[in-house]
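Visitor: Dumping the structure here so I can ask a few things about it.
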Amino acid sequence: MNLLRGVAAVAVLAGASVATALPAAADTPVMQGDYTYVDEGRTGTWTIFPTCVPIVGDLREPLYLPVGCTLHVTPSGGVRGGDARLTGGLWTYTTNNREGLQCPDGSWAPTTEDVSFNETSGTRRITHAGACGLQPGIIDVPFTLSFKAPLPIPVDQYPLICEPGGLRRCF
């Protein structure tokens with residue numbers, strides 16, 4: 001019986017140490033604010049604000065991690081915006097542009113743009129399907145981002161309220 005109590009005590013202590021090892025808040029803040037965008041000759045401003053949902057780890061405490069966030073990217077300067085999600089350590093979004101490639105005759109052809117970035121740099125991958133008599137192609141455009149200013153109105157990145165205990169439904 002004493003052996004059983006000892007094993008149970010070790011299991012409880014081990015579970016408590018694992019639970020306290022999990023972060024209750026993100027180690028790095030989620031991008032938010034105005035950023036200066038610079039690529040091969042184009043400069044603009046990206047306004048980025050997050051909307052996040054707490055990840056419910058073990059049903060006791062919500063984990064505020066970037067994985068539960070969507071970054072809403074609104075650029076100026078000719079780059080299209082979108083809602084980015086964290087994938088493989090980079091924020092990514094895809095957008096379609098009906099007039100993304102100008103043909104030799106002056107008409108326009110559609111393109112797809114995959115944008116991936118972090119706090120300081122990224123790549124826009126522009127693909128077209130070979131319209132206008134051109135071969136299909138991919139153009140990679142590297143760019144840099146630098147923090148410019150906070151948002152004029154602060155954004156609550158965790159706008160949902162989650163129930164305490166139990167299944168922690170959020171609304």
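Visitor: Could you please report the charge total around Thr123, scoring K, R as +1 and D, E as -1 over all other residues with beta-carbon less than 13 angstrom from its beta-carbon? Walk me through the intermediate numbers first.
Guide: On the way: positive: Arg124, Arg125; negative: Asp39, Glu40, Glu113, Asp114, Asp140.
Neighbour charge sum, excluding Thr123 itself: -3.
Visitor: What is the packing order of peptides 141-147, 116-122, taking the mean over residues of other C-beta atoms within 10 Å and listing the highest first? Don't skip to the answer; put the middle values down first.
Guide: Numbers: 141-147: 14.4, 116-122: 16.3.
Sorting 141-147, 116-122 by mean packing, highest first, produces 116-122, 141-147.
Visitor: Modelled label-to-label distance, Ile138 and Glu40, 7 Å Cα→beta-carbon offset: nm?
Guide: 1.6
Visitor: Expressed in nm to one decimal, what extension gain is obtained for the pair Thr87 and Thr127 from 0.36 nm per residue of sequence separation less their Cα-Cα distance?
Guide: Numbers: separation 40, 0.36 × 40 = 14.40 nm, distance 1.99 nm.
Length gained between Thr87 and Thr127: 12.4 nm.
Visitor: Determine ³J(HN,Hα), in whole Hz, for all residues of region 136-143 in sequence, where each value follows from phi through the Karplus function 6.51 cos²θ - 1.76 cosθ + 1.60 and θ = phi - 60°; x replaces Gly and Pro.
Guide: Coupling constants for region 136-143: x, x, 10, 10, 9, 10, x, 8 Hz.
A short reminder: the numbers here are calculations on the coordinates, not readings from a lab. For clarity, every value in this text was computed on a predicted model and none was experimentally measured. Please note: Cβ atoms are built from the backbone with ideal geometry, for glycine as well, and neighbour counts cover all protein chains shown.
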